[in-house]
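Working notes for the structure below.
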Amino acid sequence: MLNFDFYNPTHILFGKGRIADLNKVVPLDAKVLILYGGGSIKKNGVFDEVKLALGERQVSEFGGIEPNPTYETLLATIELVNTNKIDFLLAVGGGSVIDSTKFVAAAALFEGGEPWAILEKRGNNISKALPFGTILTLPATGSEMNSGAVVTRRSINAKMSFNSRHCFPQFSILDPSKTFTLPIRQIGNGAVDAFIHVIEQYLTYPVNSPVQDRFAEGILKTLIEEGPKALVNPEDYDVRANLMWCATMALNGVISTGVPQDWATHMIGHELTALHGLDHAQTLAIILPSMLRIRKDAKREKLLQYAERVWDLRDGNDDIRIDAAIKHTQNFFEQMGVKTHLSDYALNAECIPAILSALEAHRMVSLGERRDVTMDISRQVLELSL
Ligand code: NZQ
Ligand code: ZN
């Protein structure tokens, strides 16, 4: 096992009716800004519930945060925070709203010039951030219990991530019943994103980490079992609860302790979203199967373990079992309603050069757990994803 630091201070309040507990976790004298997206929380009653739970506190709101949030939108939020001397942020939504809140929390107190510098330095220049909490409405990204965020600068088509120990939510409220109103497309996206987060931390090379491996395999198997049930019966509380906790556990730092990490699929996926507007999970579902096929030899031992323990594949030689495991993975994404080819999204080979140029511009030229995913490998992966 590799050396590691594990730090995660986020307080999780899980279960039905937990929004009422906001009263216990937001300071009574806080000047609160509620951040939210395109309005789903106003339609499904979550916003009213939040307002009620905040009681007499001074509350203002900022709505209209878009999926794959933009720097341009968030500049206006930072201004609002500073002008109104807001001292507590409350994100109510999915990964886009939570990521935005992390960025605003850090940018509002940033002393290093233009806030875009935070993305350029990937968060290493953050020394403080406003306190914030989250109310999760879409299980997918794990942002509710980690310190990372992704922001897009529309003017230059750059989707960049940052990370800072100052950007953990103080608390996150996870009420699975608040996910009942999710559109089918977002249920599928959420399960696929969480699944691929686990894969990026698990499917690398062995370092003798049986606890992390079995945690990872447990999350994968649960997503495979529960994901399709949510599509058929969207108001099954237990299914939603299990999916929600899977997504959080998939990217809160537990399964990445002491193991190598890949993330090449995510980095290529971010360029696809920045250039073509695909949903985050759609990009991953396109790239991952090809990434595994092209890097089959480098990932051979873990692929065999994955085939046996996650998909129960025991017959045939090594290559047959590996190929079948990748095919099962791809079928699972399709079963969740997330298409797995560039052509499914009206993209063809002509899009590849621009994606490669963007990877190069963002210094994503040696990706993966061994830093051996060169531009040439990324090109092969994209070609195989057509
Ligand atoms: O904006 P509203 O109207 O709220 O609608 C949203 C949005 O259109 C809707 N939605 C959310 N909860 C709902 C709901 N609709 C009905 N009922 C509900 N309960 O869902 C749509 C998508 O929301 P979004 O927040 O964009 O989705 P997601 O949670 O998948 O977040 C994606 C973003 O997170 C980043 C992605 O790159 C992308 O920008 N990621 C963040 C990570 C992190 N911080 O650790 C890791 C991930 O790999 C990912 O990169
Ligand atoms: Zn992701």
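The values are calculated or read from the model by the stated rules, or taken from the named source; none is laboratory data. Fair warning: this is a prediction, and the values are worked out from it, not measured in the lab. Cβ: placed from backbone, ideal geometry, glycine included. Neighbour counts: every protein chain shown. Heads up: the accessible areas ignore ligands, DNA and RNA and are worked out on the full protein's heavy atoms, side chains in. Shrake-Rupley method; radii C 1.70, N 1.55, O 1.52, S 1.80 Å.
Every listed requirement among (1) more than 23 Å from His166 (Cβ to Cβ); (2) part of a helix (DSSP H, G or I) is met by Val81 save one, (1). For the subset of region 47-99 comprising residues that are of a type in the set (Gly, Ala, Ser) and within 22 Å of Lys24 (Cα to Cα), which member is farthest from ligand 2 (Cβ to nearest atom)? Step by step, filter region 47-99, then rank; the result is Gly55. Criterion first (of a type in the set (D, E, K, R), in contact (Cβ under 8 Å) with a residue 60 or more places away in the chain and closer than 30 Å to Ser357 by Cα) does Glu271 satisfy it? Taking the combined requirement at face value, the residue satisfies it. Residues in region 303-314 that are part of a helix (DSSP H, G or I) and under 19 Å from Thr222 (Cα atoms): Leu303, Gln305, Tyr306, Ala307, Glu308, Arg309, Val310, Trp311. Of the residues screened, Ser177 is one that is within 16 Å of ligand 1 (Cβ to nearest atom), in a helix (DSSP H, G or I), surrounded by fewer than 19 Cβ atoms within 10 Å (Cβ to Cβ) and polar (S, T, N, Q).
All of (1) without any contact (Cβ under 8 Å) to a residue 60 or more places away in the chain; (2) open to solvent by 70 Å² or more (accessible area, probe 1.4 Å) hold for Phe4 with one exception: (1).
Evaluated against (1) on the phi > 0 side of the Ramachandran plot; (2) within 17 Å of the chain's Cα centre (by Cα), Leu138 falls short on exactly one condition, (1).
Of all residues in region 283-309, those satisfying the criterion of being in contact with a Lys or Arg (Cβ under 7 Å, 6 or more places away or on another chain) and open to solvent by 10 Å² or more (accessible area, probe 1.4 Å) are Ala298, Leu304, Glu308.
A count restricted to region 340-362 and to residues that are farther than 24 Å from Tyr202 by Cα and open to solvent by 60 Å² or more (accessible area, probe 1.4 Å) stands at 9.
Just checking, which of Val211, Val259 is more than 16 Å from ligand 2 (Cβ to nearest atom), at pLDDT 95 or above, under 24 Å from Met291 (Cα atoms) and open to solvent by 10 Å² or more (accessible area, probe 1.4 Å)? Matching residue, one of Val211, Val259: Val259.
Residues in region 84-99 that are within 13 Å of ligand 1 (Cβ to nearest atom) and touching a strand residue (DSSP E or B) at 6+ places or on another chain (Cβ under 6 Å): Ala91, Val92, Val97, Ile98, Asp99. With respect to the conditions (1) in contact with a helix residue (DSSP H, G or I) (Cβ under 8 Å, 6 or more places away or on another chain); (2) assigned to a helix (DSSP H, G or I); (3) within 16 Å of ligand 1 (Cβ to nearest atom), Glu66 lacks only one, and its number is (2). Looking only at region 192-208, filter to residues that are more than 16 Å from ligand 1 (Cβ to nearest atom) and among the polar types (S, T, N, Q); which one of those is least open to solvent (accessible area, probe 1.4 Å)? Taking the candidates together, the pick is Thr204. Tell me which residues, restricted to region 271-282, are more than 9 Å from ligand 2 (Cβ to nearest atom) and either in a helix (DSSP H, G or I) or over 12 Å from the mean Cα position of the chain (by Cα) (or both). Within region 271-282, Glu271, Leu272, Thr273, Ala274, Leu275, His276, Gly277, Leu278, Gln282 meet the criteria.
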